[in-house]
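Below: the structure, in structure tokens.
The values are calculated or read from the model by the stated rules, or taken from the named source; none is laboratory data. Quick caveat: nothing in here was measured; it's all calculated off a predicted structure. Here Cβ is always computed from backbone atoms with ideal geometry, including for glycine, and neighbour counts include all displayed protein chains. Please note that ligands, DNA and RNA were not included when accessible areas were found on the heavy atoms of the full protein model with its side chains. Shrake-Rupley method; radii C 1.70, N 1.55, O 1.52, S 1.80 Å.
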Amino acid sequence: MGRRRGVMSEGFKEELAKELGFYDVVQREGWGGIKARDAGNMVKRAIELAEQQLMNQKQ
């Protein structure tokens, strides 16, 4: 089975990493170097932003 293609764009992931404070690790070690907790926080924040966007579209 091949790897699944990511849903988030590279730019969006970088933006989230900067906002959450671990972009330096990404630059140094790549995405594989971040902690599982940081990855989870990144997904959580992406979901929050998507929900906000949906709420704004409904108004």
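Taking the simple approach of a point 7 Å from Cα along Cα-to-Cβ for both Lys44 and Leu20, what is their distance in nm?
For Lys44 paired with Leu20, the spin-label model returns 0.9 nm.
Compare Ala17, Ala46, Ala36 in a GNM of the chain, Cα atoms joined below 10 Å, and give the one with the largest fluctuation.
Checking each option, the largest mean-square fluctuation is seen for Ala36.
I'd like the orientation of helix 10-20 relative to the chain: the angle between its Cα long axis and the longest Cα principal axis, in ° from 0 to 90, rounded to 10.
So the helix axis and the longest Cα principal axis differ by about 90 degrees.
Modelling each spin label as a point 7 Å along the Cα-to-Cβ direction, I'd like the Met8/Gln27 distance in nm, to one decimal.
So the two model labels end up 1.8 nm from each other.
Just flag the trypsin sites (Lys or Arg not before Pro) in the chain sitting in loop per DSSP whose Cβ has no more than 13 other Cβ atoms within 10 Å.
On the way: sites: Arg3, Arg4, Arg5, Lys13, Lys18, Arg28, Lys35, Arg37, Lys44, Arg45, Lys58; in loops: Arg3, Arg4, Arg5, Lys35.
Sites meeting the loop and neighbour criteria: Arg3, Arg4, Arg5, Lys35.
In bins 10 Å wide, starting from 0, what share of all Cα pairs of the chain does each bin hold, as a percent?
Calculated over all Cα pairs of the chain, the distribution is 20, 48, 24, 7, 0 percent.
Tell me the angle of helix 36-58 to the major Cα principal axis of the chain, expressed in degrees between 0 and 90 and rounded to the nearest ten.
The answer is roughly 20 degrees.
Probe of 1.4 angstrom, ligands and nucleic acids ignored: what's the accessible area per residue over the chain, in square angstrom?
Numbers: 5050 Å² over 59 residues.
Ligands and nucleic acids excluded, the result is 86 Å² per residue.
Using the Cα centre of segment 1-58 as origin and beta-carbon charges of +1 (Lys, Arg) and -1 (Asp, Glu), tell me which of Asn56, Gly32, Phe12 is placed farthest towards the positive end of the dipole.
Gly32
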